[in-house]
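S.K.: Before I ask anything, here is the structure I am working with.
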Amino acid sequence: MNFNIQFNMIHRSFVFRKYCTGKSFIFILVFLFVSSIAPAQKVWTLQECIEYALNNNITIKQTEISTEISDVNYLQNKAAFFPTLNSNGSYSYNFGRSVDPFTYNFSNSEIQSANISLSSNLNVFSGLQLQNSLSQSKYEYMAGKENLLKIKNDVALNVAAAYLQVLYSKESLKLANDRLESSKQTQIRTKLMVDAGSMAQGNLLDADAALAGEELNVINNENLLKSALIAVTQLLELKTTDGFTVADPSVDLPDQSALALSPDEIFNTSLKTLPEFRASELNIKVAEKGLSISKGARSPRLNLFGSIASGYSNAARNLTGGDVVFGDQLDNNFNKSFGLSLTIPLFNGWSAESNIKRARLNLENVRYTDQLTRNQAYKSIFQAHSDATAGLKKYYASEKAAIANKEALVYAQKKYDVGILSSIEFLNVKNATSKAESDFLQAKYDLIFRVKVIDFYLGKPLIF
């Protein structure tokens, strides 16, 4: 704790001691101590906001789970190439007249028997369905990863847009407060001049109205800032805006060289950089492999199988006349088998042909989806390029207007101070300057975002 905090606490304690005694005085001391050492609000940078959103966004988490499921499916299809191996065992009681499963003699007594076996099966050929299933699951896993990248890009871009809106709202509020302070000073000067008789009472009424308007403008900008903060915190999955504030970086105009590219050039570059295009191409391969899997159902199936087994029965003593020897029975009943099984599909309710037709239609639909993705991306890029180009022109025009109106306001202020300019005329100049400053600020942040959208399509990172 530093000296200033200690001094402030001691000073406060002397002030309140005369009014508070006992437990109430101790409570106030504790409260002052806690409030003095309370941590300051965390200031969030854009990069921190993006990283936090990427780590906490629910849609991203769900997509990550879907990608992990695709990876599990891929590993399972790899394992399908290996032979199966299963062990079986049973133990049974038979009452009444029954056949001993090992001696094949009839018996009216209780028979206890046990079986153990080990079997294996290997798919030798099934119309290349295993190979095509493996390739399909691989493409699904790769498409899932690309889709995850797309969602992360969308979240990052949305966070950046909301963050810039907060910065714009903060600067707008600052301008509104500056105008409010200026209106207060104008109202004070006008009142003094009216009281001195050098101005009419109407000028004071105009100044009062202008001051009230600026106070309302401040309130409106405060509400806009709150809305912008809510938008950011919701993207970050934060429950409240309490204690949330953003850093005030030096937001300069980004490099605008990308605007020299044509929409076609930007689109062709985006085909190589954006993950949604790679995901769309992989989805076509997934559908193609699905069609090959369906066609494989027409082919014969060849399987290699084998097994070993043995068993035990307590009825064996009826044949030998001696005690049951468990180990000898396992040796005597031990058997093994192996062979090949061939299945030729002839008719199965038209299921194979129906699956093939569905797979063909699905492939056609996926190809249309790919074309739709490209068309929508081209439209978005064309619109983004047009917006950025128009935004650049708007920026320079609004900058010129803001400079001109600021100079006009300085000149009008001088004329107003000496009584040459009426209050109405002065307020008109002041309002025009205010609007020009607001338009320039809006044009600046709009241009920054528009250029960043173009950079995004070109595969550049979101850096401000």
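S.K.: Among the residues of region 250-286, which ones are outside any helix (DSSP H, G or I) and either loosely packed, with under 13 Cβ neighbours inside 10 Å or in contact with a strand residue (DSSP E or B) (Cβ under 6 Å, 6 or more places away or on another chain) (or both)? Break it down stepwise before answering.
M.R.: From region 250-286, those outside any helix (DSSP H, G or I) are 250-256, 261-262, 274; that's our starting set.
Ser250, Asp252, Leu253, Asp255, Ser262, listed by residue number.
S.K.: Among the numbered criteria (1) out of contact with any strand residue (DSSP E or B) (no Cβ under 8 Å at 6 or more places or on another chain); (2) surrounded by 11 or more Cβ atoms within 10 Å (Cβ to Cβ), which single criterion is violated by Asn348?
M.R.: Of (1) out of contact with any strand residue (DSSP E or B) (no Cβ under 8 Å at 6 or more places or on another chain); (2) surrounded by 11 or more Cβ atoms within 10 Å (Cβ to Cβ), only one is false for Asn348: (2).
S.K.: I need every pair where a residue in region 110-138 that is more than 24 Å from Phe95 (Cα to Cα) and in contact (Cβ under 8 Å) with a residue 12 or more places away in the chain has its Cβ under 8 Å from the Cβ of a residue that is of a type in the set (A, V, I, L, M) and assigned to a helix (DSSP H, G or I), sequence separation at least 6 or different chains.
M.R.: Asn123/Leu130; Gln129/Ile293; Asn132/Ile293; Ser133/Ile293; Gln136/Val286; Gln136/Ile293
S.K.: In region 364-417, how many are exposed (fewer than 15 other Cβ atoms within 10 Å of the Cβ), closer than 23 Å to Pro254 by Cα and charged (D, E, K, R)?
M.R.: 2
S.K.: In this structure, is Leu259 touching a Phe, Trp or Tyr at 6+ places or on another chain (Cβ under 9 Å), within 30 Å of Ile454 (Cα to Cα) and in contact (Cβ under 8 Å) with a residue 12 or more places away in the chain?
M.R.: Details: touching a Phe, Trp or Tyr at 6+ places or on another chain (Cβ under 9 Å): no; within 30 Å of Ile454 (Cα to Cα): yes; in contact (Cβ under 8 Å) with a residue 12 or more places away in the chain: yes.
It is false that Leu259 is touching a Phe, Trp or Tyr at 6+ places or on another chain (Cβ under 9 Å), within 30 Å of Ile454 (Cα to Cα) and in contact (Cβ under 8 Å) with a residue 12 or more places away in the chain.
S.K.: For region 404-422, indicate whether the set of residues that are under 22 Å from Ala200 (Cβ atoms), small (Gly, Ala, Ser) and not in a helix (DSSP H, G or I) is non-empty.
M.R.: yes
S.K.: Still on this structure, please answer the following. Name the residue that is modelled with the highest pLDDT, counting only residues in region 324-343 that are within 11 Å of Ser313 (Cα to Cα) and in a loop (DSSP other than H, G, I, E, B).
M.R.: Asn333
S.K.: Here's another thing I want to ask about it. Any residue in region 46-58 that is in a strand (DSSP E or B) and either modelled with pLDDT under 95 or more than 30 Å from Gly311 (Cβ to Cβ) (or both)?
M.R.: Checked region 46-58: no residue is in a strand (DSSP E or B) and either modelled with pLDDT under 95 or more than 30 Å from Gly311 (Cβ to Cβ) (or both).
The values are calculated or read from the model by the stated rules, or taken from the named source; none is laboratory data. Computed from a prediction, not measured in an experiment: that's the story for all the values here. Because the Cβ atoms are built from the backbone with ideal geometry, glycine has one as well, and the counts that use them run over all protein chains shown.
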